[in-house]
Amino acid sequence: MTAPGPALDPVSAYLERAEPADRAALLRHLRDVVVSEVPDAEPVLSYGVAAFRVRGGVVCGFAATKSGCSLYPFSGTTLGRLGTLLEGRSTTKSAIHFDSAHPLADDLIREVVRLRLAEIGERSR
């Protein structure tokens with residue numbers, strides 16, 4: 001009998017289940033960029049999506065959706081502060097939508113993380 005491997009953190013477990021493969025690859029890349037910016041972030045599930053928490057606040061979350069993927073900054077103000085970085089992107093008030101034909105640029109992901117960290121820092125003062 002083989003010993004079970006280490007338990008996956010919630011984000012890794014989410015990514016293991018993500019389909020189809022092209023969406024899972026996009027989300028893995030997004031995760032890697034977030035972790036490179038915030039290596040001490042805690043991987044969690046929040047509102048049913050994979051997310052990262054720092055100092056009690058969720059930095060961002062992401063999910064495979066019916067038609068692609070979405071990045072959720074968990075803030076009603078972050079997307080409005082991204083300006084030209086969102087030009088040509090499909091967005092709602094709370095999400096940036098993307099797919100393999102229109103992946104997120106690493107600079108955009110990093111800016112979402114930077115803005116959210118600033119918001120979380122302001123809130124914790």
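The values are calculated or read from the model by the stated rules, or taken from the named source; none is laboratory data. A quick note: this is a predicted structure, and the numbers were derived from the prediction, not measured. Note: ideal-geometry Cβ built from the backbone for every residue, glycine included; neighbour counts use all protein chains shown. When the accessible area is computed, the model is the full protein with side chains, heavy atoms only, and any ligands, DNA or RNA have been set aside. Shrake-Rupley method; radii C 1.70, N 1.55, O 1.52, S 1.80 Å.
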Identify, from the list V44, V35, the residue that is out of contact with any Cys (no Cβ under 9 Å at 6 or more places or on another chain) and free of Cβ contacts under 8 Å to residues at least 24 places away in the same chain. V35
Flag if V59 is closer than 24 Å to Y14 by Cα, assigned to a helix (DSSP H, G or I), open to solvent by less than 10 Å² (accessible area, probe 1.4 Å) and not aromatic (F, W, Y): no
Hey, does the range 70-84 have a residue that's in a strand (DSSP E or B), open to solvent by 10 Å² or more (accessible area, probe 1.4 Å) and either touching a strand residue (DSSP E or B) at 6+ places or on another chain (Cβ under 7 Å) or more than 24 Å from L8 (Cβ to Cβ) (or both)? yes
Output the residue which, of all residues in the range 109-125 that are surrounded by 12 or more Cβ atoms within 10 Å (Cβ to Cβ) and touching a Lys or Arg at 6+ places or on another chain (Cβ under 8 Å), is modelled with the highest pLDDT. L115
Any idea which residue in the range 32-80 is nearest to S94 (Cα to Cα), counting only those that are touching an Asp or Glu at 6+ places or on another chain (Cβ under 9 Å) and charged (D, E, K, R)? R53
Failed condition for I96, given (1) modelled with pLDDT under 95; (2) under 19 Å from R116 (Cα atoms); (3) open to solvent by less than 30 Å² (accessible area, probe 1.4 Å): (1)
